[in-house]
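**Student:** The structure is given below, and queries will be raised subsequently.
The values are calculated or read from the model by the stated rules, or taken from the named source; none is laboratory data. Just so we're clear, the structure is a prediction, and the values are computed from it rather than from any experiment. Cβ coordinates were reconstructed from backbone atoms using ideal geometry, including for glycine residues, and neighbour counts include every protein chain displayed. Protein only, heavy atoms only, side chains kept; ligands, DNA and RNA dropped before computing areas. Shrake-Rupley method; radii C 1.70, N 1.55, O 1.52, S 1.80 Å.
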Amino acid sequence: MTGNPADRAGAILEVDLAGIAANWRLLARRVEPVECAAVVKADAYGLGAALVAPALAAAGCRRFFVATMDEGIALRRVLPEAAEIAVFNGLLPGCADDFIEFGLVPVLNDPGQVADWRSAALRHRKGPAILHLDTGMARLGLTLREFDRLADASCRPDPIRWRALISHLACSDEPEHPLNRTQLERFIAARRCLSHVPASLAASSGIFLGPEFHFDLVRPGAALYGVNPQPGCPNPMRQIVRLKGRILQIREVDRGQSVGYGASHVMAAPGRLATVAVGYADGWLRSVSQHGSGRVGGKRVPLLGRVSMDLMVFDVSGVDPAFVRPGGFIELLHEEYGVDAAAADAGTIGYEILTALGRRYLRTYSGAPRQC
Ligand SMILES: *Cc1c(COP(=O)(O)O)cnc(C)c1O
């Protein structure tokens, strides 16, 4: 293969690893002396866990959370042995020995998983695990009743080495929501039964509900990657992704010309259009059709018509033609239009914008820690 991949890429995604580390440090300082973990599930929210997690480890992070065992196995290969990797989705039947072999910590979500892990811990003479208590989300974790039963039995010697007791908030991005306090009170009450075990309730937004939500360990994910943990307030986090889409073609069009599938946009005046090599197959959600935008030559340019699978069209009539030429770029994510802004235009949340980011993008990483 000859040539530079950057020359033929349809889009370039730049990930700022130093920015992610800075975001982690900002949260870690905010909760001090409480420990700050990092959630790197779904390939670090789509940004590449193999590079993101070591950058966080170099910044001082010691505890990592993933969703699945396979994510944990992949992460084990790139993190120092001392780093703890916990798997939110828990212990599937028949997987206990693999958890031990790969040095992963299961988050145990029901009494059956606790029983399975107990026998594995006896067999292997080790068994670190995290216990997940459901305080109001009805998703994963032991119910309060199941937890009470377990706590009664936990006076007996237990082969499981409990690394943490966790619960997860359903509404932490809405500070006034009454469920936050209800979950907090339930967690405090339950915690008394396992008072020697470090407790963790807050993810990104939970950190901003105040110190009483911090306990011993916080587990941010989205905020590390630039999502605003306090929607509606100024975002304290750095934007860490930039995305630019390649201009494939420029055309002049007449008034009355329709643009794209369904002819959903019709030009009200003559204009100049730029066709860009990013579409919904790249995770640029079709729901931004008609109201998305990009930036070129410092100017905002509206997206016209529908997003296609591999393409979309911008109105660049108002931009100096020197800035818009085939082979050039239109910026799709940048410091003034971050993942939350894109999410607002797509009718979704920043989390989905990040995890949808396409596999066809040429990815470049800056600010990687120096290897020692
Ligand atoms: C995803 C997740 C987190 C991280 O949440 P963010 O809102 O991305 O910070 C923390 N804890 C649990 C249980 C999760 O599932």
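**Student:** Cβ-Cβ under 6 Å, sequence separation 6+ or interchain: first residue in segment 220-238 and closer than 15 Å to Arg30 by Cα and in contact (Cβ under 8 Å) with a residue 24 or more places away in the chain, partner within 11 Å of the ligand (Cβ to nearest atom) and among the hydroxyl-bearing types (Ser, Thr, Tyr). Which pairs?
**Tutor:** Once the first residue is closer than 15 Å to Arg30 by Cα and in contact (Cβ under 8 Å) with a residue 24 or more places away in the chain and sits in segment 220-238, its partners that are within 11 Å of the ligand (Cβ to nearest atom) and among the hydroxyl-bearing types (Ser, Thr, Tyr) give Pro220/Ser204; Ala223/Ser204; Pro229/Ser204; Pro229/Ser205.
**Student:** Right, here's the next one. With the structure loaded, tell me whether Arg156 is modelled with pLDDT of 95 or more, closer than 30 Å to Gly103 by Cβ and not acidic (Asp, Glu) or whether it fails that test.
**Tutor:** no
**Student:** Looking at Val114, Val87 in this structure, which one is touching a Ser or Thr at 6+ places or on another chain (Cβ under 9 Å), open to solvent by less than 30 Å² (accessible area, probe 1.4 Å) and at pLDDT 95 or above?
**Tutor:** The unique qualifying residue is Val87.
**Student:** Among the residues of segment 229-248, is any more than 13 Å from the ligand (Cβ to nearest atom), of a type in the set (A, V, I, L, M, F, W, C), in a helix (DSSP H, G or I) and modelled with pLDDT of 95 or more?
**Tutor:** Within segment 229-248, not a single residue is more than 13 Å from the ligand (Cβ to nearest atom), of a type in the set (A, V, I, L, M, F, W, C), in a helix (DSSP H, G or I) and modelled with pLDDT of 95 or more.
**Student:** In segment 168-186, what count of residues is obtained for those that are within 16 Å of the ligand (Cβ to nearest atom) and either touching a strand residue (DSSP E or B) at 6+ places or on another chain (Cβ under 7 Å) or not in a helix (DSSP H, G or I) (or both)?
**Tutor:** Matching residues across segment 168-186 total 9.
**Student:** Among the residues of segment 198-223, what is the count of those that are within 12 Å of the ligand (Cβ to nearest atom), farther than 13 Å from Arg63 by Cβ and not in a loop (DSSP other than H, G, I, E, B)?
**Tutor:** Counting residues in segment 198-223 that are within 12 Å of the ligand (Cβ to nearest atom), farther than 13 Å from Arg63 by Cβ and not in a loop (DSSP other than H, G, I, E, B) gives 6.
**Student:** Can you list residue pairs whose Cβ atoms sit under 6 Å apart, with the first residue in segment 165-179 being over 30 Å from Ala129 (Cα atoms) and free of Cβ contacts under 8 Å to residues at least 12 places away in the same chain and the second being within 12 Å of the ligand (Cβ to nearest atom) and open to solvent by less than 40 Å² (accessible area, probe 1.4 Å)? Count only pairs 6 or more apart in sequence or on different chains.
**Tutor:** Listed by first residue and then by second, the contacts come to His177/Cys171.
**Student:** Please name all residue pairs, on different chains or six or more residues apart, with Cβ atoms under 7 Å, provided the first residue is in segment 66-89 and is not assigned by TED's automatic domain parsing to the domain that holds Val40 and the second residue is open to solvent by 30 Å² or more (accessible area, probe 1.4 Å) and away from the ligand (no atom under 15 Å from the Cβ).
**Tutor:** Sorted first by the residue in segment 66-89, then by its partner, the list stays empty.
**Student:** Just to check your reading of the model, which residue among Tyr361, Tyr337, Tyr351 is out of contact with any Lys or Arg (no Cβ under 9 Å at 6 or more places or on another chain), more than 16 Å from Ala11 (Cα to Cα) and among the hydroxyl-bearing types (Ser, Thr, Tyr)?
**Tutor:** Residue meeting the stated conditions: Tyr351.
**Student:** Determine whether Val66 is within 16 Å of the chain's Cα centre (by Cα), among the aliphatic types (A, V, I, L, M) and either over 24 Å from Ile240 (Cβ atoms) or modelled with pLDDT of 95 or more (or both).
**Tutor:** It is true that Val66 is within 16 Å of the chain's Cα centre (by Cα), among the aliphatic types (A, V, I, L, M) and either over 24 Å from Ile240 (Cβ atoms) or modelled with pLDDT of 95 or more (or both).
**Student:** When the residues of segment 239-259 are narrowed to those that are in contact (Cβ under 8 Å) with a residue 40 or more places away in the chain and polar (S, T, N, Q), which ends up nearest to Leu332 (Cα to Cα)?
**Tutor:** Gln239
**Student:** Considering only strands (runs of 3 or more DSSP E) fully contained in segment 275-372, which possess at least 1 residues that are closer than 26 Å to Ala53 by Cα and open to solvent by 70 Å² or more (accessible area, probe 1.4 Å)?
**Tutor:** Answer list for segment 275-372: 362-366.
**Student:** Scan segment 126-182 for residues that are in contact with a His (Cβ under 9 Å, 6 or more places away or on another chain) and acidic (Asp, Glu) and jot them down.
**Tutor:** Asp134
**Student:** Let me ask you something else. Restricting to segment 50-76, what's the tally of residues that are open to solvent by 30 Å² or more (accessible area, probe 1.4 Å), within 16 Å of the ligand (Cβ to nearest atom) and in a helix (DSSP H, G or I)?
**Tutor:** Of the residues in segment 50-76, 2 are open to solvent by 30 Å² or more (accessible area, probe 1.4 Å), within 16 Å of the ligand (Cβ to nearest atom) and in a helix (DSSP H, G or I).
**Student:** Something else now. Among the residues of segment 1-19, are any free of Cβ contacts under 8 Å to residues at least 12 places away in the same chain, small (Gly, Ala, Ser) and either over 30 Å from Gly327 (Cβ atoms) or assigned to a loop (DSSP other than H, G, I, E, B) (or both)?
**Tutor:** Yes, the conditions are met somewhere in segment 1-19.
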